[in-house]
Amino acid sequence: MAVAAAPDHLFHLRNNFYLGSFQAAINNSDLPNLSPDDAVERDCLVYRSYIALGSYQLVINEIHSAAATPLQAVKLLALYLSNPHDKVKFVNQQLRA
């Protein structure tokens, strides 16, 4: 007897992101009734879309220190990409922290 798979609520968001349609991913990210894990994944994809569009400061400002670990990684990516001249210094600071 086959068990039906749960619906993938993030399919279209993921698809837009991986196809490089970052603005569409952001515009279509308002998905109701997500589990906490799905909500974190949605937020990661949305913030990564903002990073891909060059909106580093928005991501840095919106992700707080109490956010989930995957979101902290996205914030570090935004911090890293936001300062192209001091990338080595940034990496060394993060490794010491």
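Quick note: the coordinates plus some simple rules give every number you see, no bench work behind them. Computed from a predicted structure; not experimentally measured. Note that we place each Cβ from the backbone using ideal geometry, even for glycine, and neighbour counts take in every protein chain shown.
With the simple model of a label 7 Å out from the Cα in the direction of the Cβ, Val88 to Ala5 spans 4.6 nm.
Between helix 87-96 and the chain there is an angle of about 80 degrees, using the helix long axis and the longest principal axis of the Cα atoms.
What number comes out for the charge environment of Tyr56, summing +1 per Lys or Arg and -1 per Asp or Glu over other residues with Cβ under 12 Å away? With Lys, Arg at +1 and Asp, Glu at -1, the net is +1. Helix content alone sets the calculated 222 nm mean residue ellipticity of the chain: runs of n ≥ 4 DSSP H residues at -39500 (n - 2.57) each, divided across all residues, give -19000 deg cm²/dmol.
Across the chain, C-alpha contacts under 8 Å between residues 6 or more apart give a mean separation that, scaled by the residue count, equals a relative contact order of 20 percent. When only the Cβ of Lys, Arg, Asp and Glu is charged (+1, +1, -1, -1), the dipole of the chain relative to its Cα centre reaches about 440 debye.
Among Ala52, Phe11, His64, whose Cα lies farthest out toward the positive end of the dipole of the stretch 1-65, if unit charges sit on the beta carbon of Lys, Arg (+1) and Asp, Glu (-1)? Among Ala52, Phe11, His64, the one farthest towards the positive end of the dipole of the stretch 1-65 is Ala52. When the chain is treated as a GNM with alpha-carbon contacts under 10 Å, the residue of His85, His64, His12 showing the greatest mean-square fluctuation is His85. Of the residues Ala25, Ala66, Ala39, the one that moves most in a GNM of the chain with alpha-carbon contacts below 10 Å is Ala66. Output the 0 to 90 degree angle, nearest 10, between the alpha-carbon long axis of helix 69-82 and the longest principal axis computed from the alpha carbons of the chain. Once rounded, the angle reads 50 degrees.
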